[in-house]
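In what follows, a structure is listed as structure tokens, so that the remarks can point back to it.
The values are calculated or read from the model by the stated rules, or taken from the named source; none is laboratory data. Here the structure is a predicted model, which is why all the values come from computation and not from measurement. When we count neighbours, we look across all protein chains shown, and the Cβ atoms used for this are built from the backbone with ideal geometry, even at glycine. The area values use the complete protein model at the heavy-atom level, side chains included, leaving out ligands, DNA and RNA. Shrake-Rupley method; radii C 1.70, N 1.55, O 1.52, S 1.80 Å.
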Amino acid sequence: EFGARRRAMTMRNCQVSFISLWVLTHSLLAIPLSSSFLNPSLSIRFASPTKSSNFEGHCFKSSPKHRPLFSSPPLGISGGGQDEGNDEESECDLVVVGCGVLGTSLCRQLVQNIQTQQQFLNIQSVVGVTGTTNNHASILESVQNTDQSSSSVAQQPSFCVKTYDEIISEKRKYKNVVFCAPPSKFDNYAEALENVMDDLWDQNAGGVFAFTSSGGVYEGKDGETVNENFPTIDPEKNPRQGRIVYAERTCIAKKGTVLRLAGLYTLDRGAHNYWLTSGKTVQGRPSAFVNLLSYDDAASACIAALAAAGRGVAVRGKTYLISDGNPTTREGICQSALKSKQYGDGKYTMPSFENDGPLGKIYDGSFSNTELKWTPTYESFDKFMTSH
């Protein structure tokens, strides 16, 4: 009798549960779609590499069964009171403002190099931001992974490229933002950086706002060795570099991270290309010091800063100095470039130089290398050129 009574009670409970579920389902279906459901950013993750609307940009998604780029969650990062997993987009997304050579390399490394900084990053989607749509197709082609093996594709983050107007219109903020747009694009560089910090960066999500600055802000010019704490130029006396100094101050004041980069180059982009191909006399001493860094290594340093925050390193409000650690000279740059297939074999000859001007400076970024646990792939400009 007890068993029969219990079975009857169980059946009644099941009936009540079923009716409650039916009512709840139909109630939900009757609710109009809210703006959060219609948020264009939700469809961006799954869009094809063609622009289907004004707000979807140009995108590709690696796999319908999307997984984080890195298997382990960020370590030592305060979520700002947010429940990890409840705000997936703020937790995992990265925006790269200024998707030129440097920004595209950064996006490519995050999307393609699955093992990069794997224990400290959990980035599920990357958004590249440009001023116009002119280069969207070439950026997508460069960033998209050519390794289509199932294991590689399954772990890739999604990638989109949008204009700044498009991403601002979405009124959404991101955990990590890298600002690498050049000052030439703005009337007021510091103000532009501040606007990006205010409009796109979620400071309470525990991530990083990284600004790729320049070592050109240092005062030294007589062969001094400079580090992260060396004085910078007076922005009033040197307006050209001064706009970068003002942007740095804005970034630090708002708890961003500054990465002062050495002179950037690729095989066909940089001072060496102009000096060898222009046929003009090189301005400055041939023996003046020059500090260099490949674009790809500069991008990997940005990733290292994000990963350092994941390890619990307090990168906010700090300035780092990034170079390959092997300063050369103007003459040395040309000599190294002539060792490459692109410029050697009699294609070009050593240019002439002026014999006056400052001696330059030597970068010492040993503190930055240690704290960020970063080393360049190309240990010197000469190594790069001899390998190309």
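Values as computed for the structure displayed
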read-out: Residues of the stretch 230-244 satisfying the condition of being within 27 Å of the chain's Cα centre (by Cα) and open to solvent by 40 Å² or more (accessible area, probe 1.4 Å); value: PHE230, PRO231, THR232, PRO239, ARG240, ARG243
read-out: Given (1) in contact (Cβ under 8 Å) with a residue 60 or more places away in the chain; (2) β-branched (Val, Ile, Thr); (3) within 18 Å of VAL282 (Cβ to Cβ), number of the condition THR328 does not satisfy; value: (1)
read-out: Residues of the stretch 350-373 satisfying the condition of being touching a Ser or Thr at 6+ places or on another chain (Cβ under 7 Å) and under 22 Å from ASN113 (Cα atoms); value: ASN369
read-out: Number of the exception - ASN188 against (1) polar (S, T, N, Q); (2) free of Cβ contacts under 8 Å to residues at least 60 places away in the same chain; (3) touching an Asp or Glu at 6+ places or on another chain (Cβ under 7 Å); value: (3)
read-out: One residue from ASP202, ASP198, ASP187 being open to solvent by 10 Å² or more (accessible area, probe 1.4 Å), touching a helix residue (DSSP H, G or I) at 6+ places or on another chain (Cβ under 9 Å) and acidic (Asp, Glu); value: ASP202
